[in-house]
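> Below you will find the structure I want to go over with you.
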Amino acid sequence: MEMNNRLMAELEEQRRRQEVIVKQLHAQKKQTEAHEQGLHQAAAASVKHGEQLEEMRRRTSARWHAFSATPVPVVAAPTTTPAVAGVHVVYGFQEVPKAPSFNGSTKVQMRKLMDQYEAYPGEVNIANAQHPNGAQIQRAPLSACIDPLSVERIAYCEIGKASHELMEEDWVRPTRHAA
């Protein structure tokens, strides 16, 4: 009988411990659900914030400003054909060397940009030497050849400065290291 009472008391103690553990598990489950709900809300807010940031970048990018600016009045070009070989006239205007462009993220793409950019000043010099009327074509800076979103990423991640604080020499250094 005594053994039976002892077993019953032990069984009752185990039930109490189980009830305590079940209560703790229910509390933990509620807390986990609250955390999960908070994570979903944070993820939704992050997506919304990302969309707002992308919209702001689009509105403030150099490309957007180029399209939103008032057009420059067109001056009639001379109708004479340049006699110098290698100068191409397209719709009455001399063809201008196209600056290379970069919107990638890898070192290989950066090396390719630098190879193209190193050849670009030579093309501009040739066009300037062949240009009639002595008007000079200005060389595009290296930062203008890089996509505006890539400019921000490269400026902060690789150079460690804000993009508006950078000079031409700051851009040449990391791109040369890629080569």
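> Among 144-154, 27-37, 98-108, how do they line up from the highest to the lowest mean number of other beta-carbon atoms within 10 Å? Walk me through the numbers on the way to the answer.
Numbers: 144-154: 17.6, 27-37: 10.0, 98-108: 13.5.
For the peptides 144-154, 27-37, 98-108, the packing ranking is 144-154, 98-108, 27-37.
> Please list the non-local residues whose amide H lies under 5 Å from the amide H of Phe102, H modeled 1.01 Å from N, same-chain partners needing a gap of 5 or more.
The list, which skips near neighbours in sequence, is Ile146, Asp147.
> Suppose the chain between Asn103 and Glu12 were pulled fully straight at 0.36 nm per residue; how much longer would it get relative to their current alpha carbon spacing?
Values: separation 91, 0.36 × 91 = 32.76 nm, distance 7.09 nm.
Taking 0.36 nm per residue and subtracting the Cα distance, the gain is 25.7 nm.
None of the figures in this text is laboratory data; all of them are computed from the coordinates on show. Every value quoted in this text rests on a predicted model; they were computed, and no experiment measured them. Every residue, glycine among them, receives a Cβ derived from its backbone with ideal geometry; neighbour counts consider all protein chains shown.
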